[in-house]
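Only one structure is covered here, and it is reproduced in the block below.
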Amino acid sequence: MVHFPSQKRPLKDDPFQYLRRCLEPWGQKPSLLPLCLLILLIKIFFFTARTVFILKWMKEIDVLEISVTWPVPLLVVIKMCYTLYQRDKIGFLFRSVTEKFWDLGVGGPGLEKELEKRFKLINRFLFGHVSLGVFYVGLYAFFADVPIPKGRTRWLPVLASMPFDQDQSPQYEILYVLMYWNLVVSILGHGVFDMVFIYSSQHLVGQFILLKALLRKLDYGFEGLEIVAKARSRQFQKEIRKRIAICVQHHNLLLAYGNELKKIASMIFGVHVLSTSLTLILVGYILSKNLEKILQYSMLLSGVVSEALQFIIFAVQSGEIYHKSVSVAQAAYQSNWYVFNAKAKRDLTLLILNSQKGISMYGAGLVTINNEILVSMIQKIFSSITLLRSLGEQK
């Protein structure tokens, strides 16, 4: 059974309620804001120390270690700072979900089950994604790239060797705890913005699916009437205009929500495109000259793979948002619009015109983030690696 709700009807149960509870402490609770700032300052301190260390001992560190380990924490710091800076806009996204978005049951029990199944699969994916990050920390405790100091039974969790004596108690124990804390914060800091985007984008996609279902069923409850009777019935035309108005208002809300999400994600996507491209180009160039380093730096390369997978997730979801937003017009065409009067057709035309452009995600306003950019990036990365190798051979 299809329901046409009012705009004030809130979402009954948030399918991502546990994910939201995990995200809200970072910037959404004023009482925890000082703690968030303290964690961020400590993370910035570690990144600054890492940068100074690289600049000071540049000749003693492998270039591959620098190219892999430095951009990743930089991206973490940018994401953590930006998420705190945009906390008010992110709060708007959260409030819109609970206060203005339709309940999953408005499209009927069949569609409700499909959406619940979809959200459950996404929840499992997110749980696996976080679990993999935690597993990575545990795995790194046993298989780090730093040799065990004499008299110790465990590695120091840092990617590049440090040129000072680590075998002094309690210095080693303090470093051990601090480095692992830094590694955990890096993984969680990476995930905060990613989860915010996944939370917002999947809710947006779900609402577009509901909107399209209701547009196809604008004449629900009047199936028994003939076409001529529908065209002449004032009650039918009045009810149709009321339903179209509900759909138009909700569509405007989704467009505003999507545009706000686009503004929030634009800067991070731009940095992600640049960081991922440069890292893959440099790492690919180094490994193309010496493939034996693949096994030697397997743990390092896992960070590169993780960064690339994050960008793939962004691109796939951005493409899904665009296709769902554009297909609203197609759903409107599938309604029995030919039995509507002129006023109802005018209202429906307004909705169709608003959906023509769709919601596209951009990276810093320069590139469109979708599935096509993945192919384009792969081509440019291989071209850049080939160019660097040819320039190296000429020298």
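V192 passes every criterion in (1) in contact (Cβ under 8 Å) with a residue 24 or more places away in the chain; (2) surrounded by fewer than 18 Cβ atoms within 10 Å (Cβ to Cβ) apart from (2). When the residues of the stretch 98-113 are filtered to those that are assigned to a helix (DSSP H, G or I) and touching a residue at least 40 places away in the same chain (Cβ under 8 Å), the one that is surrounded by the fewest Cβ atoms within 10 Å (Cβ to Cβ) is P109.
Note on the stretch 261-276: residues that are surrounded by 17 or more Cβ atoms within 10 Å (Cβ to Cβ) and either among the β-branched types (V, I, T) or out of contact with any Gly (no Cβ under 9 Å at 6 or more places or on another chain) (or both) total 8. Looking at the stretch 319-395, none of the helices (runs of 4 or more DSSP H) lying wholly inside it contains 1 or more residues that are touching a Lys or Arg at 6+ places or on another chain (Cβ under 7 Å), at pLDDT 85 or above and farther than 30 Å from D219 by Cβ. Restricting the first member to the stretch 352-381 and to residues that are free of Cβ contacts under 8 Å to residues at least 40 places away in the same chain and closer than 16 Å to H251 by Cα, and the second to residues that are in a helix (DSSP H, G or I) and among the β-branched types (V, I, T), the beta-carbon pairs closer than 7 Å and six or more apart or on different chains are G358/V326. The number of residues in the stretch 308-363 being more than 28 Å from the chain's Cα centre (by Cα) and acidic (D, E) comes to 1.
Return the only residue of V205, V271 being within 19 Å of D103 (Cβ to Cβ), assigned to a helix (DSSP H, G or I) and out of contact with any Phe, Trp or Tyr (no Cβ under 7 Å at 6 or more places or on another chain). Break it down into steps so the answer makes sense when it comes.
On the way: V271 fails: within 19 Å of D103 (Cβ to Cβ).
That would be V205, the only listed residue that is within 19 Å of D103 (Cβ to Cβ), assigned to a helix (DSSP H, G or I) and out of contact with any Phe, Trp or Tyr (no Cβ under 7 Å at 6 or more places or on another chain).
Whenever a residue of the stretch 329-341 is farther than 10 Å from K212 by Cβ, its partners that are among the small types (G, A, S) and assigned to a helix (DSSP H, G or I), lying with C-beta atoms within less than 7 angstrom and at least six residues away or across chains, give the pairs V339/A231. The criterion of being of a type in the set (S, T, N, Q), modelled with pLDDT of 85 or more and under 30 Å from V248 (Cβ atoms) does not hold for Q17. Of all residues in the stretch 277-303, those satisfying the criterion of being modelled with pLDDT under 70 and under 30 Å from I122 (Cα atoms) are S298, M299, L300, L301, S302, G303.
Report yes if some residue within the stretch 70-83 is farther than 30 Å from Q202 by Cβ and either in contact with a helix residue (DSSP H, G or I) (Cβ under 7 Å, 6 or more places away or on another chain) or modelled with pLDDT of 80 or more (or both); otherwise report no.
First pass over the stretch 70-83, keeping only residues farther than 30 Å from Q202 by Cβ: 70.
The next check asks that each one be either in contact with a helix residue (DSSP H, G or I) (Cβ under 7 Å, 6 or more places away or on another chain) or modelled with pLDDT of 80 or more (or both); those that pass are 70.
Checked the stretch 70-83: at least one residue is farther than 30 Å from Q202 by Cβ and either in contact with a helix residue (DSSP H, G or I) (Cβ under 7 Å, 6 or more places away or on another chain) or modelled with pLDDT of 80 or more (or both).
The values are calculated or read from the model by the stated rules, or taken from the named source; none is laboratory data. What you see is a predicted model, and the numbers here were worked out from it, not measured in a lab. Because the Cβ atoms are built from the backbone with ideal geometry, glycine has one as well, and the counts that use them run over all protein chains shown.
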